[in-house]
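Worksheet for the structure shown next.
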Amino acid sequence: MNGTGLIVSSSPHQRAAVSTPVIMSDVILALMPAALAGVWFFGLRALAMMVVCVATAVGTEAGLEKLMRKPLTIGDYSAAVAGFLLALVLPPDLPLWMGAIGAAFAMAIAKFIFGGLGQNIFNPALIGRAVLLASWPVFMTRWRWPIFQAPWIPDFDAVSSATPLALWKLSGIKTPYLNLFVGNVAGSIGETSALAILIGAAYLLWRGHISWRIPVSFVGTVAVLAALFGQDPLFHVLAGGLLLGAFFMATDYVTSPVTPKGQLVFGIGCGVLTVFIRLYGGYPEGVCYAILIMNAATALIDRLTVPRKFGEVKKVA
Amino acid sequence: MSFRSELTKGLVRENPTFRILLGMCPTMATSLAISNGIGMGIAATFVLVGSNVIVSMLRNVIPSRIRIPCYIVVIASFVTMVDLVMAAFVPKLHEVLGIFIPLIVVNCIILARAEAFASKNGVLYSLADGIGMGLGFTLALTGLSAIRELLGTGTLLAVPDFGFPGFKVFDRSLAAVMVILPPGGFITLGLLIGLLNSLTRRKKKAAQA
């Protein structure tokens, strides 16, 4: 991204004083509320997971760049962000070395092999999660409830339990909205608290780093489709990784479309896939795969939604 | 061209799996455990040697317009032998390899060697080519399946036909299941090809300097 000297848009070029390190450190700041909520609900174990994932991601990128004699790019913080995001979508009790393997894989296979920042097709953090889920499905679906009271579940077991989406899909038990909103439920470290995620998302929107198009069309599509299929739309918006995915993963600059119309298409596609995986798929949650599948379509979407040039007249066939 | 260079080219220089990238389908499907890899490799080598020799012998008799069906008939005869022998002596391996044994008939390595080499060269060279290519395929499958068996199941060298459970390296519950799934196979193969290419490039550079 930085220093390639190549500008791939038509003139006029307006330069902003925003560079990759600034954006990435703002993203880290915006993830802080969700991370703090994760530590609050799941304890220092969650903090350890974040430290391990960030350290491995940064270390892998630095090590590979040293090995291949490439310029060192860990100073743009993108590796740290990927490691951080990965930790936030892992279950709190996952063995730390598995988190480290996920982070190393995300950096080496999903990012470095494609050519580094700006070249990767898929979101590295989500690839890390998908690989861990495919490799250790047992460990990746072992959840823990943060507190010892969940009176709406019969036979409550705080040590091992299911996420709200799994409870709903498999046993028809609905978790109260307040718990989902605050984050007092089982789930990945940083995905449970809708409140914390929305605070961070508001910061990113206010700073102008992300546009509303992808998150709003993503979340909106999920709500509308859930309602159409006779499900509770608010529950489907609050439960699972939807908000974290919509605001922090689907908006990744590298792997999502750049055209305004394309971003809407991308968000709607993610929403449709998420709802179908949640309702008809083998997994209770579909956000991760939905975003990855739409990542694959990003280049195509960009091509088909090129905006009209100023003054351009529609050709008459 | 010498007998020796034809014999050794298949091992690394023109390795059918890592260099020519032929026979990817059986490579992915049968490289889950070392015993499967070696079994498949030996079966393919036998067919390859047999078909290379016969095709080379008949190369002046086979009309060029219907050469592919003729090769297939020759290859299929050897595959039938392998199929029946394996079913009789290593039934468990036969069951694991399943459809991939009959599919050796259309294995691109064997067809490619018949078309590109045996139909143009003498019997002796074709024999050497078949042995070398077959061993190269077996070697590649063994290496790939060793990595996948170790990381994907936590054991090494399990041979169900001899009732040998294999050497346990770590607990099966900690093994990365993805490695023995298709994506893991492609990623492992890709990394091995990359590694081999970079080693060759380094060697070439060193030779030039």
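Every number here is computed from the coordinates shown, using simple stated rules; none is lab data. All of these numbers come straight from a predicted model, not from anything done at the bench. Glycine gets a Cβ as well: all are built from the backbone with ideal geometry, and neighbour counts include every protein chain shown.
So here's what we get for this one:
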| quantity | calculated |
| --- | --- |
| log10 of Debye I(q)/I(0), alpha-carbon scatterers only, for chain A at 0.08, 0.13 Å⁻¹ | -0.36, -0.92 |
| Angle between chain B longest axis and helix B:34-57 axis [Cα atoms, degrees, rounded to 10] | 0 degrees |
| Fewest-first sequence of B:Glu6, B:Glu14 by Cβ atoms within 10 Å of each Cβ | B:Glu14, B:Glu6 |
| In Å, descending, principal axis extents of the Cα set of the stretch B:81-209 | 50, 49, 23 |
| Chain B - mean residue ellipticity at 222 nm from DSSP helices (-39,500 (n - 2.57) per run, n ≥ 4, rounded to 500) | -21000 deg cm²/dmol |
| For B:Val159, residues with placed amide H under 5 Å, excluding near neighbours | B:Phe164, B:Gly166 |
| Table column - 3J(HN,Hα) (Hz), the stretch A:167-184, Karplus curve with 6.51, -1.76, 1.60, x for Gly and Pro | 4, 5, 5, 8, 10, x, 8, 9, 7, x, 4, 4, 4, 5, 5, 7, x, 7 |
| In order through the stretch B:125-139: 3J(HN,Hα) via Karplus (6.51 cos²θ - 1.76 cosθ + 1.60), integer Hz, x for Gly, Pro | 5, 5, 4, 4, 4, x, 4, x, 5, x, 5, x, 4, 4, 4 |
| Quarter of Cα convex hull surface for the stretch B:12-152, i.e. mean projection, nm² | 7.9 nm² |
| Peptide ranges B:174-181, B:161-168 listed from the most packed, as the mean C-beta count within 10 angstrom indicates | B:174-181, B:161-168 |
| Relative contact order [Cα under 8 Å, 6+ residues apart], chain A, whole percent | 17 percent |
| Cα long-axis angle, helix B:182-208 against chain B (0 to 90 degrees, to the nearest 10) | 70 degrees |
| Chain B: relative contact order as a whole-number percent, Cα under 8 Å and 6+ apart | 32 percent |
| In the stretch A:244-317, chymotrypsin sites (Phe, Trp or Tyr not before Pro) in a DSSP loop with at most 16 other beta-carbon atoms within 10 Å | A:Tyr253, A:Phe310 |
| Rounded tilt (10° steps) of A:287-304 against the dominant C-alpha axis of chain A | 20 degrees |
| Under 5 Å, built H, 5+ apart or other chain: amide partners of A:Trp143 | A:Ser161 |
| Amide H within-cut-off set for A:Gly240, under 5 Å, with H built and near neighbours excluded | A:Leu165 |
| Restricting the stretch A:41-147 to chymotrypsin sites (Phe, Trp or Tyr not before Pro) in coil, as DSSP defines it, with at most 15 other Cβ within 10 Å | A:Phe114 |
| ³J(HN,Hα), Karplus 6.51/-1.76/1.60, whole Hz, each residue of the stretch B:98-104, x for Gly, Pro | x, 5, 6, 6, x, 6, 4 |
| Other protein chain Cβ atoms within 10 Å, averaged over every residue that makes up B:190-198 | 1 |
| Peptide B:175-182 - average C-beta neighbours from other chains (10 Å radius) | 4 |
| Peptide A:136-143 - average C-beta neighbours from other chains (10 Å radius) | 2 |
| Gyration tensor over alpha-carbon atoms, the stretch B:155-209, equivalent ellipsoid semi-axes in Å | 34, 15, 10 |
